[in-house]
Amino acid sequence: MPPDHDMLWRRCAHLGRVLLPLVDQEPWRQARRHENLQAWGIDTTAGERLIELFAALATHAVAVHTSMSAAELDDLSLKSVADAATGKRDYELLAGLPKTFADDRDGHAVNVFRLHIYRGAGRAIDSPS
């Protein structure tokens, strides 16, 4: 993997990790998120890690789609990331990911996401209402 591509993923993953602390500047948001995760039967720690992963995957998908380098990531609009998070199919978020990850947590989280997609867990998300 080219060094810039590795750096691109690292920057996207970092963005995913800083997202929730930014959102949690309003304390009620964290409490509501935790209530929702518990209501859905998702462990809070695992659920927050998934949110971090989705943010990183969406950011990475947009950056790869637009051939953006790691250095240009600061110019990426949040609207394009939000559009990717809501407009791309689950497997499309995996396109262009590194084969290995410097942070084992990222590699594990991506592999769990892949497993759910391959097992068909994404069908409920992708199926028409």
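The values are calculated or read from the model by the stated rules, or taken from the named source; none is laboratory data. Since the structure is predicted, the reported quantities are computational estimates derived from the model, not experimental observations. Using ideal geometry, Cβ is built from the backbone for each residue, glycine included, and neighbour counts are taken over all protein chains shown. Side chains included, ligands, DNA and RNA excluded: accessible areas come from the protein's heavy atoms. Shrake-Rupley method; radii C 1.70, N 1.55, O 1.52, S 1.80 Å.
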| request: Give me the distance in nm between label points sitting 7 Å out from Cα along the Cα-to-Cβ direction at residue 99 and residue 24, one decimal. | output: 3.7 nm
| query | Among residues other than residue 30 whose Cβ falls under 11 Å from its Cβ, what is the net charge (Lys/Arg +1, Asp/Glu -1)? | reply | -1
| request: Leaving out ligands and nucleic acids, note down the accessible area per residue over the chain with a 1.4 angstrom probe, in whole Å². | output: 64 Å²
| request: Calculate, for residue 79 and residue 112, the FRET efficiency according to 1/(1 + (r/R0)^6) with r their C-beta to C-beta distance and R0 25 Å; round to the nearest 0.05. | output: 0.35
| How much net charge surrounds residue 62 when only other residues with a Cβ under 14 Å from its Cβ are counted (Lys, Arg +1; Asp, Glu -1)? | -2
| remark: So, for the Cα atoms of region 37-129, Rg and Dmax in Å stand at 13.8, 40
| field | 222 nm mean residue ellipticity, helices alone, for the chain (DSSP H n ≥ 4; -39,500 (n - 2.57); rounded to 500) | value | -21500 deg cm²/dmol
| query | Once label points are set 7 Å from the Cα along Cα→Cβ at both residue 67 and residue 42, what is their separation, rounded to one decimal in nm? | reply | 3.5 nm
